[in-house]
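Student: This is the structure I have questions about; it appears just below.
The values are calculated or read from the model by the stated rules, or taken from the named source; none is laboratory data. This structure is a prediction, so every number in the text was calculated from the model and none was measured. No Cβ is skipped: glycine too gets one built from the backbone with ideal geometry, and neighbour counts run over all protein chains shown.
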Amino acid sequence: MQSEVMFAGFGGQGILLSGKILAQAAMDKGLQVAWIPSYGPEMRGGTAYCTVVISDRPIGSPIIRNPSHLVAMNRPSLEKFATVVKPKGVVLVNSSLISVRSGRSDVDELVVPVTEIANELGSAKAANIVALGAFVARSKIVDFDALTASVKNEFAKKEKFIPLNMKALERGKQAAA
């Protein structure tokens, strides 16, 4: 089975990192993975995005027009990409920055104030990890323990950030319940 996830938000919100961590968690479980980041002027505050394709068999094409899921960290991203998500997918909406909803009744809309939760934890920079934790807890696209290990591995060279990111993952998981 194949699933595709699009992470989208402002440049600087850790969008590409979220996709990379998810891709690594899937690879660590022996799944086939494609991670396609978007580089360019998006990194300066415009809409940045990446797609992650996860499959239990070889991936025919990493280019995705209609992802299974969307993690939208800002309103322009939700407005741009929510319409192309496949029915029954998860659409995570960062309600701290997005006052509207997807307008879709055929998706599992997960509304989480991820920026607010990250601020409560002490750093707005952890919002992407809160969102990632909530998304994985709801979608079950990878095992949550694999995700936790992937986050620890990502921050292994910056150990002082591991406790914050573990709390961010857990708070995201709780928000998805």
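Student: Considering the range 104-127 alone, what residues qualify as being in a strand (DSSP E or B) and either among the small types (Gly, Ala, Ser) or in contact with a Lys or Arg (Cβ under 8 Å, 6 or more places away or on another chain) (or both)?
Tutor: First pass over the range 104-127, keeping only residues in a strand (DSSP E or B): 108-112.
Listed by number, the residues that qualify are Asp108, Glu109, Leu110, Val111.
Student: Can you tell me which residue is nearest to the chain's Cα centre (by Cα) among those in the range 133-152 that are crowded, with 19+ Cβ neighbours inside 10 Å, under 20 Å from Gly30 (Cα atoms) and among the aliphatic types (A, V, I, L, M)?
Tutor: Val136
Student: Here's something else I'd like to know. In this structure, is Ala48 in a strand (DSSP E or B) and at pLDDT below 95?
Tutor: On the way: in a strand (DSSP E or B): yes; at pLDDT below 95: yes.
Here the answer is yes, as Ala48 does meet what is asked.
Student: Further question: In the range 3-37, which residues are free of Cβ contacts under 8 Å to residues at least 60 places away in the same chain, assigned to a strand (DSSP E or B) and either at positive phi or not β-branched (Val, Ile, Thr) (or both)?
Tutor: Gln32, Ala34, Trp35, Pro37
Student: I need every pair where a residue in the range 137-156 that is touching a residue at least 60 places away in the same chain (Cβ under 8 Å) and of a type in the set (Ser, Thr, Tyr) has its Cβ under 8 Å from the Cβ of a residue that is assigned to a helix (DSSP H, G or I) and surrounded by fewer than 18 Cβ atoms within 10 Å (Cβ to Cβ), sequence separation at least 6 or different chains.
Tutor: Qualifying pairs under 8 Å: Ser150/Asp28.
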